[in-house]
Amino acid sequence: MAETRDVRPGEVAIDLPAGFDAGVHFIGRIRTPFKTRGDCPRNTAQSDAVGRVEVEARYWAGLKDLELYSHAILLYWMDQARRDLIQQVPAHLTHPRGTFALRSPVRPNPIALAVVEIIGIEGGTLTVRHVDCIDGTPLLDIKPYFASTDSVPDARRP
């Protein structure tokens with residue numbers, strides 16, 4: 001059944017599936033200065049905030065050589081996000097857009113992506129700049145950022 005939260009005019013909520021198709025293992029937590037969604041910047045480009053990525057000890061070996069890179073991609077689970085809206089009316093628009101045409105945290109699978117600058121790595125903790133999520137957000141994965149393949153300078157957007 002769709003969540004009982006308010007739906008703004010133009011928004012469409014759906015019933016979510018009863019079960020899940022896959023499982024994930026959180027590999028750590030992201031520590032930020034942001035305590036609520038309202039505290040968070042809209043995206044990493046609007047954030048100079050410094051945070052810590054605390055990786056669980058069993059995954060520390062996976063950090064080997066990450067310090068060779070200036071930036072990393074963090075994939076994280078927005079555990080406090082609503083999941084049932086399939087069309088939304090963002091605050092900066094007057095009409096609805098499909099969830100998959102937005103970068104909103106509200107989505108069926110609340111997975112977020114952030115490109116962060118690596119300031120340092122000590123043990124299993126990365127200190128990074130440009131965080132934009134709530135303190136304690138579960139971490140799904142870390143990938144090195146490659147400007148040659150991760151950047152598309154002539155990409156189109158509305």
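Against the numbered list (1) in contact (Cβ under 8 Å) with a residue 60 or more places away in the chain; (2) surrounded by fewer than 17 Cβ atoms within 10 Å (Cβ to Cβ); (3) in contact with a Phe, Trp or Tyr (Cβ under 8 Å, 6 or more places away or on another chain); (4) aliphatic (A, V, I, L, M), ILE119 comes up short only at (3). Determine whether region 90-105 contains at least one residue that is over 14 Å from GLY10 (Cβ atoms), surrounded by 15 or more Cβ atoms within 10 Å (Cβ to Cβ) and touching a helix residue (DSSP H, G or I) at 6+ places or on another chain (Cβ under 8 Å). Looking for residues that are over 14 Å from GLY10 (Cβ atoms), surrounded by 15 or more Cβ atoms within 10 Å (Cβ to Cβ) and touching a helix residue (DSSP H, G or I) at 6+ places or on another chain (Cβ under 8 Å), one finds at least one in region 90-105, hence yes.
Could you tell me whether any residue of region 99-116 is touching a residue at least 12 places away in the same chain (Cβ under 8 Å) and of a type in the set (D, E, K, R)?
Within region 99-116, the subset touching a residue at least 12 places away in the same chain (Cβ under 8 Å) is 99, 102-116.
Among the residues that remain, those that are also of a type in the set (D, E, K, R) are: 103, 107.
Yes: one or more hits.
When region 124-158 is examined, which residues are found to be in a loop (DSSP other than H, G, I, E, B), free of Cβ contacts under 8 Å to residues at least 60 places away in the same chain and over 20 Å from LEU63 (Cα atoms)? Walk me through it before giving the result.
Looking only at region 124-158, we keep the residues that are in a loop (DSSP other than H, G, I, E, B), and these are 124, 130-136, 145-146, 151-158.
Keeping just the survivors that are free of Cβ contacts under 8 Å to residues at least 60 places away in the same chain gives 146, 151-158.
Result: SER151, VAL152, PRO153, ASP154, ALA155, ARG156, ARG157, PRO158.
Quick one: would you say GLY62 is of a type in the set (Gly, Ala, Ser) and under 16 Å from PHE26 (Cβ atoms)?
Details: of a type in the set (Gly, Ala, Ser): yes; under 16 Å from PHE26 (Cβ atoms): yes.
It is true that GLY62 is of a type in the set (Gly, Ala, Ser) and under 16 Å from PHE26 (Cβ atoms).
Inside region 1-44, can you point out the residues that are among the basic types (Lys, Arg) and modelled with pLDDT of 85 or more? The answer is ARG8, ARG29, ARG31, LYS35. Filtered by the rule that a residue be among the hydrophobic types (A, V, I, L, M, F, W, C) and either under 20 Å from GLN46 (Cβ atoms) or surrounded by 19 or more Cβ atoms within 10 Å (Cβ to Cβ) (or both), region 122-143 gives LEU126, VAL128, VAL131, CYS133, ILE134, LEU139, ILE142.
Among (1) surrounded by 13 or more Cβ atoms within 10 Å (Cβ to Cβ); (2) among the charged types (D, E, K, R); (3) touching a residue at least 12 places away in the same chain (Cβ under 8 Å), where does ASP48 come up short? With respect to (1) surrounded by 13 or more Cβ atoms within 10 Å (Cβ to Cβ); (2) among the charged types (D, E, K, R); (3) touching a residue at least 12 places away in the same chain (Cβ under 8 Å), ASP48 is out only on (1). Report yes if some residue within region 144-153 is of a type in the set (D, E, K, R) and touching a Lys or Arg at 6+ places or on another chain (Cβ under 8 Å); otherwise report no. Among the residues of region 144-153, not one is of a type in the set (D, E, K, R) and touching a Lys or Arg at 6+ places or on another chain (Cβ under 8 Å), which makes the answer no.
The values are calculated or read from the model by the stated rules, or taken from the named source; none is laboratory data. Since the structure is predicted, the reported quantities are computational estimates derived from the model, not experimental observations. Counting neighbours? That spans all protein chains shown, and the Cβs are built from the backbone with ideal geometry, glycine included.
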